[in-house]
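Report on the following structure.
What follows draws every value from the coordinates through simple rules; no lab data is involved. Bear in mind the structure is a predicted one, so any value in this text is a computation, not a measurement. A quick note on method: Cβ atoms are made from the backbone with ideal geometry, for glycine too, and the neighbour counts reach across all protein chains shown.
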Amino acid sequence: MTARRALIGLAAVLLVALPLWVPGNYDISVGSEILIYAIFALSVDLLIGFAGLVSLGHAGLFSLAGYTLAVCLGAGFGQPAAIALALAVALAGTAVFAALSLRTTGVGFIMITLALGQIMWGLAYRWVGLTGGDNGISVSARPAPFGISLAVPSHFYEATLIVFAGAVFAYRVFVESPFGASLRGTRDQPRRMTALGYNVWMIRFSAFMVSGLLAAIAGILFVFRAEFISPPTAALTASAEPVLMAISGGSGTILGPIVGAALVELVKNVASAYISRWNMLLGGTFVVIVMFMPEGLVPGTMRLLRRRFGARPPAPVVAAGTAERKPPP
Amino acid sequence: MWTILAINSVTFGGLLFLLSAGFSLIFGLMRVPNLTHGSMFMLGGYIGGSLIASWHLPFWLAALVAAAAVAAFGGVMERFLLRRLAGSVLAQVLVTLGVAFMVSDFSLMVWGGDPLSVDAPRALAGGTRALGVFFPTYRIAVILIAVAVAAILWAMLDRTRLGAMIRAGVDDPEMARVVGIRVSRLFTIVFCLGAGLAGFGGVMGAPILSVYPGLDFAMLPLALVVVILGGAGSLPGSLVGSIVIGFIYNFGLVMVPQLAYFILFLPMVLVLVLRPQGLFGRAAP
Amino acid sequence: MTALAIRGLRKSFGGLRVTQGVDLAVAPGERRLIIGPNGAGKTTLFNLIAGDLRADSGSVALFGTEIAGLPARRRAHLGLARTYQIITLFPKDTLLRNVTLSLLGLSGLRWNPFVRLDRQHALIAQARHALGRVGLADMADRPLAETSYGERRRVEIAMALAQSPRVLLLDEPFAGLSIDERRDVAALLAEVPREITIVMIEHDMDVALEFADRISVMHFGAVVVDGTRAEVVADPRTREIYLGE
Ligand SMILES: Nc1ncnc2c1ncn2[C@@H]1O[C@H](COP(=O)(O)OP(=O)(O)OP(=O)(O)O)[C@@H](O)[C@H]1O
Ligand SMILES: [Mg+2]
């Protein structure tokens with residue numbers, strides 16, 4: 001436990017001091033991007049890893065917050081008002097997403113979230129009057145809380161880190177709370193949970209709302225970082241990326257999606273310098289991870305470590321599938 | 001104006017039927033929403049288009065070859081990827097998604113970023129004017145072909161042994177296995193069939209839609225919506241869903257162009273709220 | 001007042017009429033045994049009472065409160081608990097977590113996202129106590145996956161008892177157990193206080209008969225014979241159902 005504390009402390013120091021040890025502004029900006037995607041991946045994994053619901057439409061919520069922010073700023077709203085509106089609109093959108101997609105679970109849920117995500121993409125792309133269509137919307141100003149201009153990359157990075165740390169802390173409390181336990185129960189044995197007195201639908205709906213809030217926070221940070229938003233932000237690829245991050249890093253853990261986000265973003269940035277085939281790489285990684293490492297990197301490594309020190313492995317999340325398990329008679 | 005719009009709607013519905021009938025069968029039988037289905041449609045269009053443009057194959061021959069090629073691709077995918085993940089639907093879905101991304105990039109690499117336009121077969125170019133309305137021959141032909149395919153599929157499902165097995169599998173996969181149907185071979189056949197239909201649809205659609213990067217992920221949600229509307233594994237459901245979506249899409253494009261894509265999904269939302277198992281699907285047990 | 005009053009309960013699956021007008025009245029504190037051949041509709045009856053399935057028609061009253069229209073979770077809060085013929089537990093969790101989830105289900109705490117579950121000492125002590133009642137106290141921290149079938153049966157019972165139900169439905173609690181395990185489970189059921197009314201489905205007459213105050217025999221989705229142990233054993237229809245066919 002103390003070793004773990006020490007590692008977390010070291011990671012925290014390295015993260016806070018990142019602007020000092022990475023070479024340039026571009027790399028600091030990549031650091032911010034990783035943190036933002038880590039929040040997004042955690043958002044998606046709250047549903048995959050803890051509720052057993054795979055959403056392929058979360059980019060819709062991410063970009064709903066982003067577009068609302070951009071549109072509001074463009075319309076002359078102040079920063080706080082624009083942020084508040086972006087969160088509110090994204091949460092309203094999340095409620096609609098959740099109400100519709102929670103009509104089913106399993107594969108039906110995937111299909112409906114995918115379709116809903118495509119609606120958001122379609123709106124971003126076609127509703128030119130509001131979204132600028134293919135040209136997207138530029139955002140000129142980053143906020144300056146307490147007079148500190150976030151236009152400076154290292155300032156923006158530290159601000160993002162604060163939000164990220166808050167999100168991770170809240171996430172941890174959430175998944176270890178009684179509500180988190182209830183949520184996991186609905187993932188493993190929904191019918192049993194109902195018989196025990198739980199309102200399974202409401203538990204899932206609430207989790208979806210929390211997930212939507214995280215996606216919205218990530219979307220808002222994303223727009224501030226890129227100072228731009230356009231339809232690809234809402235595309236199916238953009239929904240698939242956080243899913244890949246979560247399952248490659250290790251679904252159902254906290255560290256997993258963060259590590260996954262870092263890996264995917266680093267690969268993306270490095271790869272884009274050499275090849276333009278990001279989709280090929282993304283798709284290939286998906287296939288390889290699902291086929292050969294369904295439990296993800298973090299639990300996989302943990303298992304190897306634990307085997308050395310003799311303790312139990314955690315169960316893989318993705319490989320378990322959506323079927324209800326029946327113990328042998 | 002309205003008549004031509006109606007014809008276009010039915011034509012588009014016919015294309016959607018070619019796309020979604022296979023999707024629905026695969027989904028009904030294997031419970032896997034094949035997220036590569038839009039890619040198969042696009043791949044069919046590209047292969048068919050290239051065969052016509054570069055190899056000067058006759059249109060219909062090119063369509064059959066393209067359909068066969070895509071069917072083979074589907075078979076390989078089912079055998080070597082999905083089969084290994086049997087029992088974990090979630091993993092299978094993610095693999096179909098991964099392959100879809102790979103196909104999209106592969107196509108960009110091979111066929112480039114410019115749309116590939118394909119001419120309709122010469123015999124079907126132009127149109128006829130009757131009762132003061134212009135009927136474009138090729139579009140009418142697409143409608144007839146979709147109807148013919150629907151009839152053939154229906155006859156196959158209703159009259160043949162293979163069809164009986166597929167129906168049994170859709171109704172109750174467990175039971176089908178128990179009574180000795182070789183479900184695994186059935187899966188491969190149905191996956192090939194669905195892929196082939198999508199590929200064929202892609203060639204049929206090429207003269208109307210042209211083939212371009214992104215066609216895959218433009219078509220995929222339409223297949224999803226049709227199946228959510230029509231119910232999984234239901235052929236009449238696919239047909240009705242396709243026509244409905246064809247009308248909404250085409251009329252939407254003319255009447256509210258900025259929101260055409262949005263209103264496309266409204267019937268899906270309605271169906272989900274009122275009848276989650278789809279218009280023609282059976283209630284879940 | 002009757003603990004459980006069922007009137008004219010019906011359910012069909014497609015054309016298959018599985019429950020065809022069941023009438024049943026169980027007094028408070030009673031131990032009721034339900035027997036009947038395979039496929040008689042016993043489990044379906046439990047599913048209808050507990051709300052896992054919705055009845056097509058008929059009424060179910062729990063201490064006078066009509067519950068047939070309520071979702072299963074509301075019925076749990078009104079004091080109905082059950083075990084499953086096919087054991088249904090949380091395989092990835094420890095025994096303690098399984099029972100804690102059961103307690104949490106009836107506690108307002110289940111909605112709380114701000115505190116740590118493993119710091120809820122009162123709740124966890126209660127869960128340990130419930131495991132102690134079924135003799136599994138020292139295995140509390142073992143994952144369910146590492147337990148035997150008989151131990152899982154007892155976890156099911158511990159989860160049901162932990163909720164302090166007014167009516168407890170046990171679906172074949174002895175099925176698949178060894179003779180020793182049967183004796184253990186029978187002993188622990190005998191110790192359940194009479195505030196809890198028990199309805200039990202069981203094929204094993206040796207253990208079940210001495211447990212029961214009254215017995216109902218089900219056949220083709222209806223209760224055919226209903227009475228005290230002696231009455232039911234003596235009734236020719238019981239013999240016909242069990243021996244005649
Ligand atoms: N969900 C369902 N759909 C269709 N038929 C069902 C369903 N559940 C039960 N049945 C049928 O209802 C009948 C009664 O089943 P039930 O499980 O209630 O019997 P049982 O009396 O508990 O039998 P056993 O002693 O074998 O446990 C059986 O014929 C069964 O096949
Ligand atoms: Mg039974």
About the Cα centre, charge dipole magnitude for the protein assembly as shown (Lys/Arg +1, Asp/Glu -1 at Cβ), debye: 300 debye
Nonlocal amide H pairs with C:M200, under 5 Å, H built at 1.01 Å: C:R32, C:L33, C:I34, C:L170
Gap separating the Cα centres of region A:290-306 and region C:103-182, nearest whole Å: 31 Å
Chain C, relative contact order [Cα under 8 Å, separation at least 6], %: 28 percent
Helix-only CD estimate at 222 nm, as mean residue ellipticity for chain C, using -39500 (n - 2.57) per DSSP H run (n ≥ 4): -9500 deg cm²/dmol
Other protein chain Cβ atoms within 10 Å, averaged over every residue that makes up B:218-228: 4
Computed Rg/Rh of the protein assembly as shown, alpha carbon atoms with Kirkwood Rh: 1.01
Local net charge near C:G51, Cβ-Cβ under 10 Å (Lys/Arg +1, Asp/Glu -1): +4
Centroid-to-centroid separation of region B:105-138 and region B:66-88 [C-alpha atoms, Å]: 29 Å
Computed [θ] at 222 nm, helices only, for chain A once each DSSP H run of length n ≥ 4 contributes -39500 (n - 2.57): -24500 deg cm²/dmol
Cα centroid separation - region A:134-148 against region A:209-238, whole Å: 14 Å
Residues with amide H under 5 Å from that of C:T94, placed H, sequence gap 5 or more: C:L144
Neighbour-count order for A:S248, A:S63, fewest beta carbons within 10 angstrom listed first: A:S248, A:S63
Selection from B:S107, B:L43, B:A148, by position along the positive dipole direction of region B:2-214 (Cβ): B:A148
Surrounding net charge for C:I179, when Lys and Arg each add one and Asp and Glu each subtract one, Cβ distance under 12 Å: -3
Under the Karplus curve 6.51 cos²θ - 1.76 cosθ + 1.60, θ = phi - 60°, whole-Hz ³J(HN,Hα) for region A:214-220, x wherever Gly or Pro sits: 5, 4, 5, 4, 4, x, 5
Per residue, the convex hull volume that the Cα atoms of chain C enclose (Å³): 135 Å³
Sorted by Cβ density within 10 Å, fewest first, the residues A:K268, C:K42: A:K268, C:K42
Ranking of A:H155, C:H121 by count of other Cβ atoms within 10 Å, fewest first: C:H121, A:H155
Unit Cα scatterers, Debye sum, region C:1-51: log10 I(q)/I(0) for q = 0.27, 0.31 Å⁻¹: -1.20, -1.37
5 angstrom amide H check on A:V152, placed H, neighbours 5+ away: none
Cα-derived Rg over Rh, computed across chain B with Rh taken as Kirkwood radius: 0.96
Dmax and Rg, reported as Rg then Dmax, of chain A (C-alpha, Å): 19.7, 67
Rounded to whole Hz, the Karplus (6.51, -1.76, 1.60) HN-Hα couplings of region C:56-73, x for glycine and proline: 6, 7, x, 10, 10, 10, 10, 6, x, 8, 6, 10, 4, x, 8, x, 3, 5
